[in-house]
Every structure is written in C-alpha cells, then in structure tokens.
Amino acid sequence: PAPAPPMPRDRSIVGPTTTETTSSGSSVVPDDDWAATARSLLREIRGERERNRYANLEELRPALTRCGFSGTLPPWRAGYCAITTPANFPEKSRIRSLAQLVNYLEGALGEDEDEEDDDEGDDDEA
C-alpha cells in the first residue's frame, strides 16, 4: 500500500478536524456549544493579558484556531489580518484586533445571557 501523506507539523495552522486533546490537556469543545467555547476563549485571553499586557492575536492564534476561528496567513498582526468567526458562532464577524475579538466575544455572550434571563423572567410570572 502507498504510504500515508505526512501530517502538517503545526496543527494550529490547519485547525482540528475532530474533538481532540491539546498539549495543555484541554479538549476542543463540540461545535454545538459555542457559548462554552466563547467563555473558555475569553478566560484564556484575559489570562494571557494578565501575564502579558502586550498580548496579541499571533500569540493567541493556536487557541483561536483550536476554537474554530480562521484567518489570513500568519502572523496574525492587528490591522493586517482578517480573522473569521467559527460557523457555529452568532453574528458572523471579521476581526482585525484583539480588542475587536474581546468585544465580539463579550457581545455574543451578553446577548446569549440576556436571552436566558428573559426565559427565567417568564417562569416567575407563571
């Protein structure tokens, strides 16, 4: 039989194709749970910003691609890249900076949390 084609060395460029465990031990979140993915990514971004106030998109590229974000060829530098949100995330957006990414994630999660609050309010009235 013919030998299998070689695997890419940098999986973060290609992105995961199935649920897998990363080198840090965290697993890729299933596609249908975008909110959990967004919360996890937001925590990771905030943690990186606490460790390094100059955190940038290129440093976070492996985490972003693991969560389904895609973009232009590396390096991902603010203003020079165009990052696309995963297909299962709400409100498609093209992100060009870390600040835009944080605003997008917070906005998407805020809308989701508002919907949950509205549902809870309906239960109180019944």
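The values are calculated or read from the model by the stated rules, or taken from the named source; none is laboratory data. Since we're looking at a predicted model, the values are computed, not measured. For neighbour counting, all protein chains shown are included, and Cβ atoms are generated from backbone atoms with ideal geometry for every residue, glycine included. Accessible surface areas use protein heavy atoms only, side chains included; no ligands, DNA or RNA. Shrake-Rupley method; radii C 1.70, N 1.55, O 1.52, S 1.80 Å.
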When the label point is put 7 Å from the Cα of Asn56 along its Cα-to-beta-carbon vector, which residues of the stretch 77-92 have a backbone N closer than 14 Å? 77-82
Amide H contacts of Gly71 (H built 1.01 Å from N, under 5 Å, at least 5 apart or other chain): Thr84
Could you check how much of the accessible area of the stretch 29-77 is carbon and sulfur, as a whole percent, using a 1.4 Å probe? 49 percent
